[in-house]
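Participant: Below is the structure I would like to discuss, written out as structure tokens.
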Amino acid sequence: MKNLKNVLCLMLLGLLLVSCSKKEVEFTEPLQEESVKFERNPEYDAILSELFNGEPIPFSEFQNNTPLFCDLEVEECNEPSGGVDSRVNRRREHLIGDNISIIDINVLDNCPEEWDIVIKVAVYYMNQLNNEQEGRLTYRYNRIDNNVDVFGDINIRRVNWGEEGVIARASFPFESGNPGNRIRINADRFDAFPLAGKILVAVHEIGHTIGFNHTDTNDGFSNVGTCTDEDIESIMYTPISHLSLYSDCDESAYAEMYGN
């Protein structure tokens, strides 16, 4: 009997040791840090200045018929339902929680290295926008060595949906206040774009993950209320009619959503 008790004690001790040493694999809330002060990058400033300064360039010069109206992770893909007079800035029901100050944007391992400069400049632009609008968020680029989505972060993955497939697809913020965690980019179409077009698509999709809806989709989502005029140059306008980044109305909408 004594030997049996000793064996049982040893087995219990072993189970406790295994339990204590077992690696935590469940999703947890990301550890938040203080917002990082925005610092200018001459290389990225030069790229943005060369590609986007001056009059917006008609996107048709580079790629005909380039809609982004099916780029949302929703059950159905419907064309924009708003009229000509409804192209105003719209937001989703949920935004980034007040407890979150840093958003990590992860480029997964299956993305080609050629995309790195695209995402880096897009992330830099988002930080520049946030700084100019006195926002409360910091965006941080990461290249990770696996293809596993990190909960609480925005994860960019390459997919191959064919030349007839949608350019990209993004998810919206969660009720918990975390950003939409997925951006999928269709390499079969994306790789044919000029650098300016690639940056525009990346910024557009990041916009969805922080709560921007399409400017020309009037399907019950909230009008931010900062601009009431038609904004055909909005980066969230689905036809991508111009090669330009956030319009004046986009900027004021961002300030309304995330300004301190």
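Participant: Out of curiosity, is Gly162 in contact with a helix residue (DSSP H, G or I) (Cβ under 9 Å, 6 or more places away or on another chain), without any contact (Cβ under 8 Å) to a residue 60 or more places away in the chain and more than 25 Å from Leu51 (Cβ to Cβ)?
Facilitator: Yes; evaluated as a whole, the condition is true for this residue.
Participant: Let me ask something else about it. Quick one: which of Asn78, Asn106, Asn142, Asn131 is under 30 Å from Glu230 (Cα atoms) and either surrounded by 15 or more Cβ atoms within 10 Å (Cβ to Cβ) or at pLDDT 95 or above (or both)?
Facilitator: Of the residues listed, the single one that is under 30 Å from Glu230 (Cα atoms) and either surrounded by 15 or more Cβ atoms within 10 Å (Cβ to Cβ) or at pLDDT 95 or above (or both) is Asn131.
Participant: Also, I was wondering about something else. Give the residues of segment 131-179 that are of a type in the set (Gly, Ala, Ser) and out of contact with any Lys or Arg (no Cβ under 9 Å at 6 or more places or on another chain), sorted by residue number.
Facilitator: If the condition is that a residue be of a type in the set (Gly, Ala, Ser) and out of contact with any Lys or Arg (no Cβ under 9 Å at 6 or more places or on another chain), then Gly135, Gly152, Ser176, Gly177 are the ones that fit.
Participant: Restricting to segment 94-111, what's the tally of residues that are in contact (Cβ under 8 Å) with a residue 60 or more places away in the chain and either basic (Lys, Arg) or closer than 24 Å to Arg136 by Cβ (or both)?
Facilitator: Count: 12.
Participant: Inspect all residues belonging to segment 194-209 and state whether any of them is within 28 Å of Lys37 (Cβ to Cβ), part of a loop (DSSP other than H, G, I, E, B), in contact (Cβ under 8 Å) with a residue 24 or more places away in the chain and aliphatic (A, V, I, L, M).
Facilitator: Checking segment 194-209: not a single residue is within 28 Å of Lys37 (Cβ to Cβ), part of a loop (DSSP other than H, G, I, E, B), in contact (Cβ under 8 Å) with a residue 24 or more places away in the chain and aliphatic (A, V, I, L, M).
Participant: Additional query: Which residues, counting only those in segment 84-100, are among the basic types (Lys, Arg) and either at pLDDT 95 or above or in a loop (DSSP other than H, G, I, E, B) (or both)?
Facilitator: Taking segment 84-100 first, the residues among the basic types (Lys, Arg) are 87, 90-92.
Passing the criteria: Arg87, Arg92.
The values are calculated or read from the model by the stated rules, or taken from the named source; none is laboratory data. Bear in mind that the values here come from a model prediction, so they are computed numbers and not experimental data. Virtual Cβ from ideal backbone geometry, glycine too; neighbours counted across all protein chains shown.
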